[in-house]
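The values are calculated or read from the model by the stated rules, or taken from the named source; none is laboratory data. A quick note: this is a predicted structure, and the numbers were derived from the prediction, not measured. Every residue, glycine among them, receives a Cβ derived from its backbone with ideal geometry; neighbour counts consider all protein chains shown. Please note that ligands, DNA and RNA were not included when accessible areas were found on the heavy atoms of the full protein model with its side chains. Shrake-Rupley method; radii C 1.70, N 1.55, O 1.52, S 1.80 Å.
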Amino acid sequence: MEYQYILALETSCDETSAAVIANGKILANIVATQEVHIKYGGVIPELASRNHDLFISSVVEEALEKAQVTFQDLNAIAVTQGPGLLGPLMVGITFAKALSWSLSIPIIGINHLQAHIAALYILQPNPDFPLLCLLVSGGHTQLVLLDDRYTQTILGTTIDDAAGEAFDKTAKLLGLPYPGGPMLDKLSQKGNPFAFSFPMPKVGMYDFSFSGIKTAIKNFVQLNTTANSEFVNDNLSDICASVQESINAYLIKKCEKALFDFKPLSIAVVGGVSANSDLRKKMHTLAAKHQVSFLVPELVYCTDNAGMIAIAAHYACLNNDFIELDAVPFTR
Ligand code: KG4
Ligand code: ZN
């Protein structure tokens, strides 16, 4: 069966997003970021659910309008099934079920992490496999080896915080607004990445740990502010650049180990943290050093968006991978 128009929804955290895809080409990708969480310094699940409920219809209408498609044109509806926050996921899934029932079209349930990886295929539908992919988001950190689009092995994962959390928690310590990653990236551009150094965590093989870096930075800030209360203000860009350097160098070291061991033909970085300008540069340099191709999504497809759900759905459809009306979300 040919699936021409797919509407895709993403509501797993604090972005309400809808996209339309036709035969692998994204026609619209509307993302409404819920700014209500900024003042709390993190996502409040109940507020996120309520705001998804408020925004989802208008975000969907805007996506359809931009794609110049009507509800009647749709052949399938895709939705993030998990992992994510239960209430927010429920909003997207319930909306998808209602549309599926009223339009008599099938539902495609998408794994959010798979979708971050599928975002690569928007720019490059046929990468060279095996592909080593570093997935770094606010909730997850994984090193994944893909033999093809549908076959993958998780080589390693974080044993505590995710890479995005390391950025966000450090930024919070430095008094920067949530989410801290983008601001830390911006401030780092004016700083010296080698002004301060933080110890590299030691966990086996391809797993990651970020709680040590976080504690080291916390102690470093406390110690220095005792001596000089203006320490953070006086050295903000250097601290940001040094923290960013520690986190990114650590991610690169893990990727390089896997590169040596598995000899992939391409490497990639995906997820919200792949928007980090320094990490994109470092991954590019690593690929050049090992003479493999390098893939990274365009910035709009790095942080949460329904475009990545749409491209994942496109390939799920080709594989006849649908869910039933009684499907439930999964949080992990
Ligand atoms: O993938 P994502 O949008 O949401 C999850 O699935 O978690 O990732 C969000 C994470 C946040 O921790 C945010 O601070 C981080 O991505 N992030 C960045 C940058 N842009 C977003 N981290 C570092 N540098 C950036 N430019
Ligand atoms: Zn995400």
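Determine the calculated [θ] at 222 nm for the chain from helices alone, applying -39500 (n - 2.57) to every DSSP H run no shorter than 4 residues and normalising by the residue count; nearest 500 deg cm²/dmol.
That calculation yields -14000 deg cm²/dmol at 222 nm.
Compute the distance from the alpha-carbon center of region 59-125 to that of region 250-288, in whole Å.
Centre-to-centre distance over Cα atoms comes out at 29 Å.
If the cut-off is a Cα-Cα distance under 19 Å, which lysines reach K169, setting aside same-chain residues fewer than 8 apart in sequence?
Partners found: K39, K186, K214, K218.
Which is the longest stretch in the chain that no exposed loop site breaks, taking sites as GluC sites (Glu not before Pro) with a DSSP loop state and at most 13 other Cβ atoms within 10 Å?
Longest run free of exposed loop sites: 3-229.
How large, in percent, is the carbon and sulfur part of the accessible surface of the chain at a probe radius of 1.4 Å?
Percent of accessible area from carbon and sulfur atoms in the chain: 54.
Counting Lys and Arg as +1 and Asp and Glu as -1, each charge on the Cβ, what is the dipole of the chain about the Cα centre in debye, to the nearest 20?
Numbers: 22 positive and 32 negative charges, 186 e Å.
It works out to roughly 900 debye.
What number comes out for the charge environment of I309, summing +1 per Lys or Arg and -1 per Asp or Glu over other residues with Cβ under 12 Å away?
Details: positive: none; negative: E10, E15, D304.
Result for the neighbourhood of I309: -3.
Averaged per residue, what accessible surface does region 1-132 expose to a 1.4 Å probe, in Å²?
Value for region 1-132: 43 Å² per residue.
In region 196-250, with Lys and Arg counted as +1 and Asp and Glu as -1 at Cβ, which of these residues, M205, N235, I217, has the Cα nearest the positive end of the dipole, that is, farthest along it?
M205
Solvent-accessible area of C255, probe 1.4 Å, all protein chains present, reported in Å² to the nearest ten, please.
Looks like 0 Å² after rounding.
With unit charges on the beta carbon (Lys/Arg positive, Asp/Glu negative), name the residue among L155, G191, H116 whose Cα is farthest towards the positive pole of the charge dipole of region 58-206.
Ranked along the dipole, the leading option is G191.
Taking H placed 1.01 Å from N in the peptide plane, check which residues at least 5 places from T158 or on another chain put their amide H under 5 Å from its amide H.
T141, F208
Please work out the C-alpha center-to-center distance from region 174-224 to region 2-53 and express it in whole Å.
Here the answer is 29 Å between Cα centres.
Compare the Cα positions of S104, F129, I6 along the charge dipole of the chain (+1 at Cβ of Lys, Arg; -1 at Cβ of Asp, Glu; about the Cα centre) and return the one farthest towards the positive end.
F129
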